[in-house]
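Encoded as C-alpha cells, the structure appears first; notes follow it.
The values are calculated or read from the model by the stated rules, or taken from the named source; none is laboratory data. Not measured: the values here are computed from a predicted model. Every residue, glycine as well, gets a Cβ built from its backbone with ideal geometry; the counts of neighbours run over all protein chains shown.
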Amino acid sequence: MTRLRVEPRTSAPLSLHVAAFAVPVAATALLGSLVFLSFSISPLAGLHAFFVAPVSSAHGLSELLVKAAPLTLIGCGLALAFRSNTWNIGAEGQFTLGAIAGCGVALFAPWQDSALMLPAMILAALAAGAFWAGIVAWLRTRFAANEILSSLMLVYVAQFLLLWLVQGPWRDPDGFNFPETRLLQDAATLSPLLPGTRLHSGVLFVLPAAVCLWLILYRSLFGFQLRVVGAAPRAARFAGFSRARIIWLTLCLGGALAGLAGTLEVSGVIGQLVPRISPGYGFTAIIVAFLGGLHPLGVVAAALLVALTYLGAETAQILLGLPHAAAGIFQGLLLFTVLGGGFLRRYRVRVIPRAETATAGTAGTTKTAPSLSSPSSTITGTTKTAPSLSPSSSTTTAPSLSSSTITETTKTAAPLSSSSSSLSSTTTATETVTGKVTTKTTPSLSSSSSSSTTAGTTKTVTKTETDDG
Amino acid sequence: MKLGIFTTALAVVAAAAAVSGARGLPAASAEPLKVGFVYVGPVGDHGWTYRHDIGRRAVEEEFGDKVSTTFVESVNEGPDAERVISRLASEGHDLIFTTSFGFMNPTIKAAERFPDVRFEHATGYKRADNVSTYAGRFYEGRYVSGVMAGHLSEGGVIGYVGSFPIPEVVRGVNAFLLGARSVRPDIRVQVVWVNSWYDPGRERDAAQVLIDRGADVITQHTDSPAPLQAAAAAGVYAFGQASDMIAFAPDTQVTAVVDNWDRYYVARARAVLDGDWESSDTWGGLDTGMVEMAAYTNVPESVASAARAAEAAVRSGEHRIFTGPLVSRDGVRKIGEGEVLDDDALLAMDWFLEGVEGELPN
C-alpha cells in the first residue's frame, strides 16, 4: 500500500508563491462555474455578483467594512491564542457577553446622556469579554480543563444569559412584551462615519487593534514568548516561560477584543439587544484567523475576503436568484481552495510506495526519529521536521535562544481535532541544543494499535513530550 | 499566507471586474415594478417562509410582466437584516416585504434611508409613512385546532413546541387551550421553547420530549414540519403549521392552520401599481381568508364536524375567543364576565391561562 506523507517545505521558490494563489483562483472559478451553471447562471455573471457587485458602490464598501469589523477584531485575538496553542473556540460567547455588558451600561448607567457613555460601554465590554475568557483560562490552568470544551460551553451560557435578559429584566417596557431591550439613546450610539450608510465610528478601532496585536506578537517579549510556547513548548520551558501566564493573557486579550466587537455591533449596528445579535461572528472568526495565517494583518485581509463572500451570497440571491444554499457552497469552495493553497505552499505531499514504507523511518533527510518499523510511525509522520538550522529556510519561526538553536514546526491541525489531550501534544520536535541532537516523538493516537512491546521500545528510545507539564 | 490571501482576493476581484466590464448589463426595458421579499428561513421550510413565497408567486402570476420579484432567504434576524433590506431598496425595488418579527427595527431604519420605497413588515407593531404592517390572526385557527385536540386527547396532555415567548406565540397557546377546554375542561398544554423559528433538529427534539412526557397530541409554533414528523413517527396526532403539511404526516395530521398571503400581496402590489399605496395596519383572520384551515383528516366525523362548527363560529364573529372571565395562571384577573379582550391586549399578551404548563420568561 502506498502512503501519503505531508512534509514541511524547506524552500519556497517564487513559482510556488505564484501557484499558491493562481491555483486557488482558477479552482474556485472552475468549481464555482459548475455551481452557477447548474442553476443556469452564467459563470461570469455569478462571479460578478459575488465579487464586484457587492462593493461597486460606496454603500457596498461601507457594508463590507461593517461586516468585516467584528470578524477582524475577533479573528486577531483568536490568532494570538492559536499561535500559543490555546484553542479558544468560544469567542461567540465572549462577543455576546461584551454586547450584554456594553448595553447594560447604556441602559442603567446614571450618566445617561454624557459623553462618558461610549467609553464606559467599551471598557465594560472589554472587561466582560476578558472575564468570560478568563473563566476558561482559570479552568485550564487550575484544573487542566480542556479549553476547547469549556470555551464552547460558555457560548451557550452566554446566549442563554442574553435570552433571559431580553425576555425578562431588560425587556423594553414599551415593546409589547417582545424580547428586545429599548433602542439605545444617542449618547450610547456610535456616530455614523458616512452619512446614509451604516459605517460607524467603531470601525476605526479595527485597524489600530490589528496593528497593536501585530506589534505585540512580533515586537514584544510577550509575543516572542507566546510564539515559542506555541511552536516549541519544551524550549519555552527551558527558557522559563510560563505557559499559564501565556494562556491567561492570550485568552483574556482575545476575550476582550471579542467583547469589544460585541458592544460595537450593538452600539453601532443593531442599536439594541435582541435574542440574536450575531450571525455566528465568533465561529466564522476561527476560519478568518486561519485564513489569515494566524497573523494579525493577514486576518484583516481574510476578514475582508470572508465578509465579501457573505455580501456576495446575498447579492447573488438578489441579482441572479441563486439559492441561499448554493451561495453557501460557493463560499465553502472559495475558503477550501484558498486554505488548501496556503497549506500546499508550506507543506508538500509525498507519495511513498509500499517498498519504501518499511525503510521510510531512516530514508530521506527529513526524519531523524528512531525508526519504528511499525506502520503507525509512518502515519504519524505528518509533522516530521527537517532539522534545519537556517531560520530563513522554513516558513515556521525559528526563535534563537542564547546558545541553542531550535527549529520546530507545529502541527496546524484544525482546532477541534486537538480536542483529545493526546493529540494536543503531537508536536514533534527536533532540537539542536549546543550541537547535540536529541529527538523526541510523541506517541500518536494510532500507537494504541501497536503492541505494547513496540510502545515500550518507543519510550526507551524517545522521550514523551507534553507541552503543559 | 497573508500575502496569499491578499493576492488571491485581489486576483479574483480583478478577474471578475475585467470580465464584467466586457459583459455589459441586461437592458432595462419596460421597467416592471420590482417587489422584494426578505425571508427568515429557507423557501423550502414547508411552513412559514414557504407560504410567503407562494404569496410572492401569486403576485407574479397576477401581474405577469408588470412586476418582477426577488427574494432573499435565510436572513438572520440580527445585524444582517438591515443590510439585505437596504440592498433590495438600492437595487430599485419599490415594494419590499420583510416577513419576520425580528426584521422590524431593521425595516424601520432602512425605510428612513429610502423614503420613496414602500415597506411591508409582517407581525410587527412599528409603522411609518412608508412602512405598513400586516399579520394574520393565526390564533383563530389555533382555537379550532384546540377544539379538535380536546376531542382527540385521551390522556389530557397536549404538547406545544413554541418558538419565542413573544405575544404572537403566547396568544396562540392561550387560544389553543381555550379551544381544547371548551371541549374538555381538564386539558393541560405543555409548552417547550426552542428559541428559534426554524431549527428542525431542535423542533424535533422538543416534540419528542413532549411525547415522552405523555403528550398524545402535538402542535407547534415553529416553521418546519419536524415536530409533525416526530409525532407521526410516534403515532401521535399533530397539526401542520403555516401550510398544509399532510405530506409529512399522511396518517396523523388532523388539520393545519394555513397562512394565505396571496390576496394581501396581490392587493398591495396593485396599490403600488395604481399609485394609491398607503401605510396601513392589517390583521386578517379566518373571515378575510388570510388564515385558512386545511382539510380535517384522519379523525372521526364527529370531531371534524365539531371543528367545522368552531371554525364557522369564529369566522362569523359569533364566537369571540378571548371572552371573559379570563384569569391568568398567576391568578390575575384579565377580563370580566362577558367582556372581550381588545386588540391592544391581544398584541401585548404576556400571560398564560391556567392549564398551560411551561416557563414563561418575564
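Observations on the model:
- When residues in segment B:91-102 are screened for being modelled with pLDDT under 95 and either among the hydrophobic types (A, V, I, L, M, F, W, C) or under 18 Å from the mean Cα position of the chain (by Cα) (or both), 3 of them pass.
- Going through (1) touching a Leu at 6+ places or on another chain (Cβ under 8 Å); (2) without any contact (Cβ under 8 Å) to a residue 40 or more places away in the chain one by one, A:P70 falls short only on (2).
- Scope segment A:265-301; condition under 17 Å from B:E77 (Cα atoms), within 7 Å of another protein chain (Cβ to nearest Cβ) and assigned to a helix (DSSP H, G or I); matching residues: A:E265, A:V269, A:I270
- In segment B:325-358, the residues that are assigned to a loop (DSSP other than H, G, I, E, B) and either surrounded by 13 or more Cβ atoms within 10 Å (Cβ to Cβ) or not assigned by TED's automatic domain parsing to the domain that holds B:R184 (or both): B:R329, B:E339, B:L341, B:A348, B:M349, B:D350, B:W351, B:F352, B:E354, B:G355, B:G358
- Taken together, the residues in segment B:92-138 that are acidic (D, E) and touching a Ser or Thr at 6+ places or on another chain (Cβ under 8 Å) amount to 2.
- One residue stands out in segment A:197-207 among those that are part of a loop (DSSP other than H, G, I, E, B) and touching a strand residue (DSSP E or B) at 6+ places or on another chain (Cβ under 9 Å): the one that is nearest to the other protein chains (Cβ to nearest Cβ), namely A:R198.
- Restricting segment A:327-341 to residues that are more than 25 Å from A:V6 (Cβ to Cβ) and surrounded by fewer than 21 Cβ atoms within 10 Å (Cβ to Cβ), the residue that is nearest to the chain's Cα centre (by Cα): A:Q331
- All positions within segment B:26-49 that are over 18 Å from B:H93 (Cβ atoms) and either basic (K, R) or surrounded by fewer than 22 Cβ atoms within 10 Å (Cβ to Cβ) (or both): B:A27, B:P42, B:G44
- Taken over segment A:299-342, the criterion of being of a type in the set (S, T, N, Q) and under 21 Å from B:A81 (Cβ atoms) is satisfied by A:T309, A:T315, A:Q317, A:Q331.
- Exactly one residue out of A:A285, A:A325 is closer than 26 Å to A:S56 by Cα and at pLDDT 95 or above: that is A:A285.
- Matching residues, segment A:217-228, being over 17 Å from the mean Cα position of the chain (by Cα) and either of a type in the set (F, W, Y) or not in a loop (DSSP other than H, G, I, E, B) (or both): A:Y218, A:R219, A:L221, A:F222, A:F224, A:Q225, A:V228
- Scan of segment B:131-170 for residues that are part of a helix (DSSP H, G or I), crowded, with 24+ Cβ neighbours inside 10 Å and under 13 Å from the mean Cα position of the chain (by Cα), ordered by number: B:F138, B:Y139, B:G141, B:R142
- Per the listing A:L190, A:L194, the residue uniquely surrounded by fewer than 18 Cβ atoms within 10 Å (Cβ to Cβ), of a type in the set (A, V, I, L, M) and within 14 Å of chain B (Cβ to nearest Cβ) is A:L194.
- Being surrounded by fewer than 24 Cβ atoms within 10 Å (Cβ to Cβ), in a loop (DSSP other than H, G, I, E, B) and either touching a helix residue (DSSP H, G or I) at 6+ places or on another chain (Cβ under 9 Å) or at pLDDT below 95 (or both) is a property that A:G240 has.
- Test: residue in segment B:313-323 that is within 23 Å of the chain's Cα centre (by Cα), of a type in the set (D, E, K, R), surrounded by fewer than 16 Cβ atoms within 10 Å (Cβ to Cβ) and not assigned by TED's automatic domain parsing to the domain that holds B:G64: yes
- All of A:L123, A:L97 fail the test of being assigned by TED's automatic domain parsing to the domain that holds A:I287 and in contact (Cβ under 8 Å) with a residue 40 or more places away in the chain, apart from A:L97.
- The listed residues are B:I5, B:I54, B:I108, B:I85, and the only one of them that is β-branched (V, I, T), out of contact with any strand residue (DSSP E or B) (no Cβ under 8 Å at 6 or more places or on another chain), on the phi < 0 side of the Ramachandran plot and at pLDDT 90 or above turns out to be B:I54.
- Some residue of segment A:96-110 being among the aliphatic types (A, V, I, L, M), more than 32 Å from the chain's Cα centre (by Cα) and either within 22 Å of A:L73 (Cβ to Cβ) or not in a helix (DSSP H, G or I) (or both): yes
- Of the numbered criteria (1) farther than 28 Å from B:M293 by Cα; (2) not in a helix (DSSP H, G or I), the one B:A89 fails is (2).
- In this structure, B:V303 does not satisfy being at pLDDT 95 or above, outside any strand (DSSP E or B), of a type in the set (A, V, I, L, M, F, W, C) and under 23 Å from the mean Cα position of the chain (by Cα).
- A:L304 falls short on exactly one of the conditions (1) within 9 Å of chain B (Cβ to nearest Cβ); (2) within 30 Å of B:V35 (Cα to Cα), and that condition is (2).
- Pairs with Cβ under 8 Å, 6+ apart, first in segment A:4-31 and within 9 Å of chain B (Cβ to nearest Cβ), second buried (at least 16 other Cβ atoms within 10 Å of the Cβ) and in a strand (DSSP E or B): none
- Test: residue in segment A:244-263 that is in contact with a Lys or Arg (Cβ under 6 Å, 6 or more places away or on another chain), closer than 25 Å to A:F131 by Cβ and modelled with pLDDT of 90 or more: yes
- Among residues of segment A:139-161, those that are free of Cβ contacts under 8 Å to residues at least 12 places away in the same chain and either more than 17 Å from A:F95 (Cβ to Cβ) or not assigned by TED's automatic domain parsing to the domain that holds A:W87 (or both), counted: 4
- Residue in segment B:46-57 that is assigned by TED's automatic domain parsing to the domain that holds B:A267 and within 20 Å of A:P54 (Cβ to Cβ) present: no
- From the options A:G312, A:G332, residue that is without any contact (Cβ under 8 Å) to a residue 40 or more places away in the chain and either over 19 Å from A:L80 (Cβ atoms) or not β-branched (V, I, T) (or both): A:G332
- Of all residues making up segment B:72-81, the number that are surrounded by fewer than 24 Cβ atoms within 10 Å (Cβ to Cβ) and more than 7 Å from chain A (Cβ to nearest Cβ): 0
- Test result for B:E359, away from chain A (no Cβ under 14 Å) and acidic (D, E): no
- Flag for B:T297 being polar (S, T, N, Q), within 25 Å of B:A310 (Cβ to Cβ) and not in a loop (DSSP other than H, G, I, E, B): no
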